[in-house]
Amino acid sequence: MKNLYPHIKKQDKKVFAAIEGEEKRQAEGLELIPSENYVSQAVREANASALTNKYSEGYPGKRYYGGQEFTDEVEMIAIERAKKLFGAKYANVQPHAGAPANVGMYFALLEPGDTVLGMDLSHGGHLTHGHPVTYLTKIFRFVRYKMKDVETGEIDYDEMRKVAKKERPKIVLAGYSAYPRELDYDKFVSIAREVGAYAVMDIAHIAGLIAGKAVRNPFDHGFDIMTTTTHKTLRGPRGGMILTREDADFAKKIDKSIFPGLQGGPLMHNIAAKAVCFGEALSPKFRVYAKQVLKNAKAMEKVFATNNVRMLTGGTSNHLILADVWGSMGISGKEAETLLDEVGMTLNKNSIADDVRGPMDPSGIRFGTPAITTRGFKAKESTKVAELMIEALKNKSNKKVHKRIREDVRKLCKRFPIPESFV
Ligand code: DSN
């Protein structure tokens, strides 16, 4: 393995060992967590650059400290590329992650006590969409919508409209972290308009699919705001971002909400890495990648269907699959996660809608194709991965079979090393 860290190696053996271990784990195993991906070396270089040394509170041209000629430049590049990528009029690239992007967005648009209508966590929503364990629920009111039918994934739009009329939310929030279908954006926007709410979508999971034009862009359907992370399907550094369709007043409020409202100095090295990632995502090759992510997920869906493993919503229309391994195979989500980890395939246990088991050991697993597609896997290899998953689960006590599967995974990884560049 190349020594990418000569200085850490010399100076700090313990940290070096952990980093080297993680490099090897990633190189020799298959990453199936649908919110993870591999970044290019160019993104990594930007993230490790001298920009980490710089404080830049404020925004380009309006900073609190001197010495900003290059930080301004890099943030403006990131903003312009983000706007182009998503057809936005405004972008704030400073949120440190997806959660602060959502918190900043709430504080820009809401007063304490105001209501948000968001997707129930157990039906695919995210913690920051109003789960009671978050501090957000001490400040704002969250009401929920769910799927009408977990076998098709259709959202109960009639119920959603009723709840919206009764509760008068200021934000109608679309978006999810464990939902394998596209939403009816027009319905979301029409419900938001009917009650005078902002239509907001958290696109964290599918940002790369939108940028790569493999799925529809919520802005084309009238959404006002999109929040996102930059490190999932978008294949950038860990980070967050907020975009708006129009250059409206609330865009200025979002800037103020992120800084000085919520955060201090932006992570300029991270913003440089976002800029590099957006540059990569603007290239024609990224569109091919995004479409392949979907094709690979379909290939995996087929194997699970053939083996009669129940998938929530019946399958997938995006990059992820939620499989009910407890209901179909008598294996809990936690057991499946551990078992597959041991044979070199990383995914996560996940609650499924109306789960009969608890959240720490739920009925489901969640997996997806963004990272294996980055490795260059096509439908053939994705089919093979799904077959290996099923074989490992069906032979859960057979060490011999598991040993062979671990070797098969290693061979696949060797044939498809993590690429250094995508352009
Ligand atoms: N942790 C992310 C995911 O895995 O979907 C959501 O924040």
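One residue stands out in segment 225-238 among those that are buried (at least 24 other Cβ atoms within 10 Å of the Cβ) and outside any strand (DSSP E or B): the one that is nearest to the chain's Cα centre (by Cα), namely 232. Candidates are the residues of segment 58-87 that are in contact with a Phe, Trp or Tyr (Cβ under 8 Å, 6 or more places away or on another chain), small (Gly, Ala, Ser) and within 22 Å of residue 256 (Cβ to Cβ); the one that is surrounded by the most Cβ atoms within 10 Å (Cβ to Cβ) is 78. For segment 17-52, taking the residues that are more than 16 Å from the ligand (Cβ to nearest atom) and part of a loop (DSSP other than H, G, I, E, B), the one that is farthest from the chain's Cα centre (by Cα) is identified as 49. Looking across segment 350-366, the residues that are in contact with a strand residue (DSSP E or B) (Cβ under 6 Å, 6 or more places away or on another chain) and within 13 Å of the ligand (Cβ to nearest atom) come down to 350, 365, 366. The condition of being surrounded by fewer than 20 Cβ atoms within 10 Å (Cβ to Cβ) and either in contact with a helix residue (DSSP H, G or I) (Cβ under 8 Å, 6 or more places away or on another chain) or closer than 22 Å to residue 149 by Cα (or both) holds for only one of 314, 344, 368, that being 314.
So that you can scan it fast, the table gives a plain yes or no per residue for (1) out of contact with any Cys (no Cβ under 7 Å at 6 or more places or on another chain); (2) aromatic (Phe, Trp, Tyr); (3) surrounded by 17 or more Cβ atoms within 10 Å (Cβ to Cβ):
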{"site": "108", "(1), (2), (3)": "yes, no, yes"}
{"site": "112", "(1), (2), (3)": "yes, no, no"}
{"site": "118", "(1), (2), (3)": "yes, no, yes"}
{"site": "130", "(1), (2), (3)": "yes, no, yes"}
{"site": "133", "(1), (2), (3)": "yes, no, no"}
{"site": "145", "(1), (2), (3)": "yes, yes, yes"}
{"site": "149", "(1), (2), (3)": "yes, no, no"}
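Consider segment 323-333 and keep the residues that are away from the ligand (no atom under 16 Å from the Cβ) and part of a helix (DSSP H, G or I). The one that is nearest to the chain's Cα centre (by Cα) is 325.
Every condition in (1) over 26 Å from residue 235 (Cβ atoms); (2) more than 16 Å from the ligand (Cβ to nearest atom); (3) part of a loop (DSSP other than H, G, I, E, B); (4) of a type outside the set (A, V, I, L, M, F, W, C) holds for residue 376 except the one numbered (1).
Just so you know, all these numbers are worked out from the coordinates, no wet-lab data involved. These numbers were taken from a predicted model, which means no experiment stands behind them. Please note: Cβ atoms are built from the backbone with ideal geometry, for glycine as well, and neighbour counts cover all protein chains shown.
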